[in-house]
Every structure is written in C-alpha cells, then in structure tokens.
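K.L.:
Just dropping this structure here.
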Amino acid sequence: MQPHAGADAPAQAAPPPAARTSPDSAQGATMPAYAISTRGLVKTYPGPDGTATHALRGLDLDVHRGETFAFLGPNGAGKSTTIALLCALARPTSGRATVAGADVLTEPDRVRRRVGMLFQHSALDPDLTAEQNLHIHARLYGLSRRDARRRTTETLEAVDLGDRRRAPVRTLSGGMRRRLELARGLLHAPEILFLDEPTTGLDPHARAQVWQHLRALRDRQGSTLFVTTHYLEEAENCDRLAIIDGGRLVAQGAPAALKAAIGDDRVVLRTSDDATARRVVREATASPDPAVTADAEGVWLRVPDGSAWIPRLCAALAGHGISVHAASAAPPTLDDVFFHHTGRSINAARPDRTPDAPGSAP
Ligand SMILES: Nc1ncnc2c1ncn2[C@@H]1O[C@H](COP(=O)(O)OP(=O)(O)OP(=O)(O)O)[C@@H](O)[C@H]1O
C-alpha cells in the first residue's frame, strides 16, 4: 500500500510560534503556549561541486508544554538535524523556531540554557567516576562549587545511581551509563529534554529502567520530553508523535488518533498458492489491484471488520482449490501508520533488528 495524503495528513495548526497567554496562569502572565514551535524550518547542507543535501524542507511542528513527544522517521529523514537546530547547535538555512520561549536564531544562548540533551554517542569520561563526570559538567554550566555538588548528588539519586557515585564510568553497565548521561542532561534543570535514541543498544530491562526515570522526571518537574526512537512500543507510550520523511512532516498526532485515521483492519492469509490467492481475494472483495498485496508475509489487504471477512475469503479460496494455512485480522498498529506515511516499516531502521527478530516490549 502506498503512502498517500488524505484526511489524516499532518494537521497544520494555524497559530504562529509566538508566546501566548497561558489560560492557567493566575495573573494572565505571558508564557509560551508551546514548548517547541517551528514554521517553515529549512536546513540545507552544502556538498562538494555545488551539490546540496536538503535535510529539512520546511518543517512546521508544535510540541505542547509538559508532553512526551516522539519524533519518528526512516534513516536520514532529518531527525538529528532537527534536534541540532532546536538545541541551537546549528543554524537553520531559513524558517523560524521557538524553543522554551526563546528564538533559536536570535537567542541561541538562552535556548541552550533551557534545554538538556542526551545524544546517541556518549560524552562521558570513562576514567572519571560518575560523580566527577557530573561535577565537571555542572561547573561547565556555570554552577558554583556548592550548587554543582548539590545538583550532582540530587541527579545521581534521581536516576538511582547514588550508591555508584564513586565508581569509574568504565565499570558501569550500559544501562547505568545511559542513566548517568540522563543525570548529566538534567543537571541544570532544563525545561525541555531532547533525547536522540536514548535506549538504542540497551536490553529490554535497561530500556524499561530508562523510561521509568524519564516518566518520573516528567511527572515530578513537568519537563517536556522530545524523543527520537526506532522502538514502536516506546512511541506508543508517548502523548503525541510526529513522523518525518525526506525532511518533511508527514503525520502528527496522538498514537491512537493516527491509528484510527488508518481505519481498516489488516487481514493476512498464508495459502498454498499466494499468487493465485491474491487474484481470488481481489475478486471476492472487489478491491482494486494494488490494494491486495502478496509478499513474504502472505496475501494481505485492509478491510473494515476484518474478522468477518476471513470465513468468506477462506470459502472463496477453497472454491479455487487453494488451502489456507493461517489467517488473521488485526486493527492498525503504529507500524502500519509508519508504513502508510513513509512506505517503509519502522523496524527496518532499528539498529538491533534482524529480519526475523520479534519486537520486544520494554
Ligand atoms: N553535517 C552534515 N553535512 C552534510 N550532510 C548532512 C550533515 N548532517 C546530516 N546530513 C544529511 O542530512 C540528511 C538528514 O540527516 P539526519 O542525520 O538529520 O537524519 P536522521 O533522521 O537523524 O537519520 P538516522 O535515523 O540515520 O540518525 C541525511 O541525508 C544526511 O546525510
């Protein structure tokens, strides 16, 4: 099934990325309505011989304050570039972005003070202890010696590493190191935390622990979390998500709403002759040619009330001498949403994924 623009195309809300009056502020004080808001954000990297890579082609994104927002897309879609622009680590070619109430172009220092980052590649010194790593970082952020000591202790406790504070980083497990990076990102109490694949490479238990700390942080401090991930079950648990492809936003909304927009159930049949079965199913459902697909999974199509179709399809196939080995009907998943909008499976981009490996829940 090909991605297409339809009623579920990205909702482009009209308001500009300016500060607005928050309805819950007692004095009507002006607070940013969105944690992040971008309009027409473009990033073009110049290449050799006058070539150019269009990493972002006009991104309009709104992230509400206090929400956990997943940012999904195939490899090379522009996710890391977006994070670099939103953290004021790179300048957009054109367009506007407001992050934690500050403009990334005119107030980059203010943006950097208000956000925390956790990147894919570790920036910890393996020979220093957990405590030393955090203390140095806190001092780099301009905290006094005393405040640096206090925040180091607080953030180590917050990620359950208080008892490992004197351990050299090289002796910590992968999950502990990731939690220490999280503590480092939290030292200056950022309003928004950007996390670029925070759980990649971790086992399911360590992944669950990282998410437990992230949720606790959100609940305790009301922080906004902006997360890129290739794990569907992590995106599923976020308040809202956006999908980008080729530097453009192709979907934005709550996971349930995006799945509901796909609508129909997915019916899959494994038969003794999938090529012929595809033709029979197409005739039986009066579906147009591309709507019924035959691939490694079997023959599949999308129809409303999929389970009611299974006996009818089995009867039609039996009439043509084709046996059905397995049949299933399932409502749309987030992977179906991703496939619908990008033409690819999100699992294809997972670094730990082998073609037949089952998905693992955190
Ligand atoms: N510094 C750079 N110079 C030139 N091209 C770049 C640079 N950084 C990124 N790109 C290109 O911009 C496009 C978007 O890259 P980006 O890293 O933002 O994608 P991504 O969605 O984060 O990918 P992945 O999931 O693989 O990390 C890619 O074509 C990439 O090759």
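K.L.:
Criterion first (within 30 Å of residue 218 (Cα to Cα) and either outside the structural domain of residue 56 (by TED's automatic domain parsing) or assigned to a strand (DSSP E or B) (or both)) does residue 317 satisfy it?
P.N.:
no
K.L.:
Now a separate question. Is it true that some residue in the stretch 339-353 is assigned to a loop (DSSP other than H, G, I, E, B), modelled with pLDDT under 90 and away from the ligand (no atom under 16 Å from the Cβ)?
P.N.:
Filtering the stretch 339-353 for residues assigned to a loop (DSSP other than H, G, I, E, B) gives 343-345, 350-353.
In the following step, the residues that additionally are modelled with pLDDT under 90 were identified as 343-345, 350-353.
Those still in the list that are away from the ligand (no atom under 16 Å from the Cβ) too: none.
No; the residues of the stretch 339-353 include none that is assigned to a loop (DSSP other than H, G, I, E, B), modelled with pLDDT under 90 and away from the ligand (no atom under 16 Å from the Cβ).
K.L.:
Can you confirm whether residue 171 is β-branched (Val, Ile, Thr) and either farther than 27 Å from residue 215 by Cβ or buried (at least 20 other Cβ atoms within 10 Å of the Cβ) (or both)?
P.N.:
yes
K.L.:
It is to be established whether one or more residues within the stretch 170-179 are modelled with pLDDT of 90 or more and more than 30 Å from residue 144 (Cβ to Cβ).
P.N.:
Taking every residue of the stretch 170-179 in turn, at least one turns out to be modelled with pLDDT of 90 or more and more than 30 Å from residue 144 (Cβ to Cβ).
K.L.:
Now for a different question. Report every pair of residues separated by at least 6 positions or lying on different chains whose Cβ atoms are under 6 Å apart, first residue within the stretch 278-289 and touching a residue at least 24 places away in the same chain (Cβ under 8 Å), second not in a helix (DSSP H, G or I) and not aliphatic (A, V, I, L, M).
P.N.:
So the pair list comes out as 280/320.
K.L.:
Can you report the number of residues in the stretch 39-53 which are assigned to a strand (DSSP E or B) and either out of contact with any Lys or Arg (no Cβ under 8 Å at 6 or more places or on another chain) or within 30 Å of residue 256 (Cβ to Cβ) (or both)?
P.N.:
Total satisfying the criteria: 9.
K.L.:
Quick check on my filter: what residues within the stretch 54-78 are in contact with a Gly (Cβ under 6 Å, 6 or more places away or on another chain) and crowded, with 24+ Cβ neighbours inside 10 Å?
P.N.:
56, 78
K.L.:
Taking the stretch 141-171 as the region of interest, how many residues are part of a helix (DSSP H, G or I) and small (Gly, Ala, Ser)? Reasoning before the result, please.
P.N.:
Going through the stretch 141-171, the residues part of a helix (DSSP H, G or I) turn out to be 145-158, 162-164, 169-171.
Remaining after also requiring small (Gly, Ala, Ser): 148, 158, 162.
Count: 3.
K.L.:
Output the residues belonging to the stretch 69-103 that are more than 16 Å from the ligand (Cβ to nearest atom) and either without any contact (Cβ under 8 Å) to a residue 12 or more places away in the chain or among the β-branched types (Val, Ile, Thr) (or both).
P.N.:
98, 99, 103
K.L.:
Looking at the stretch 269-310 only, could you name the residues that are of a type in the set (A, V, I, L, M) and open to solvent by 20 Å² or more (accessible area, probe 1.4 Å)?
P.N.:
Selection gives 275, 284, 286, 291, 294, 296, 308, 310.
K.L.:
If you don't mind, there's one more thing I want to ask. Only one residue in 66, 58, 116 is away from the ligand (no atom under 14 Å from the Cβ), in contact (Cβ under 8 Å) with a residue 60 or more places away in the chain and assigned to a loop (DSSP other than H, G, I, E, B). Which one?
P.N.:
Numbers: 58 fails: assigned to a loop (DSSP other than H, G, I, E, B); 116 fails: assigned to a loop (DSSP other than H, G, I, E, B).
Matching residue, one of 66, 58, 116: 66.
The values are calculated or read from the model by the stated rules, or taken from the named source; none is laboratory data. Fair warning: this is a prediction, and the values are worked out from it, not measured in the lab. Note that we place each Cβ from the backbone using ideal geometry, even for glycine, and neighbour counts take in every protein chain shown. Heads up: the accessible areas ignore ligands, DNA and RNA and are worked out on the full protein's heavy atoms, side chains in. Shrake-Rupley method; radii C 1.70, N 1.55, O 1.52, S 1.80 Å.
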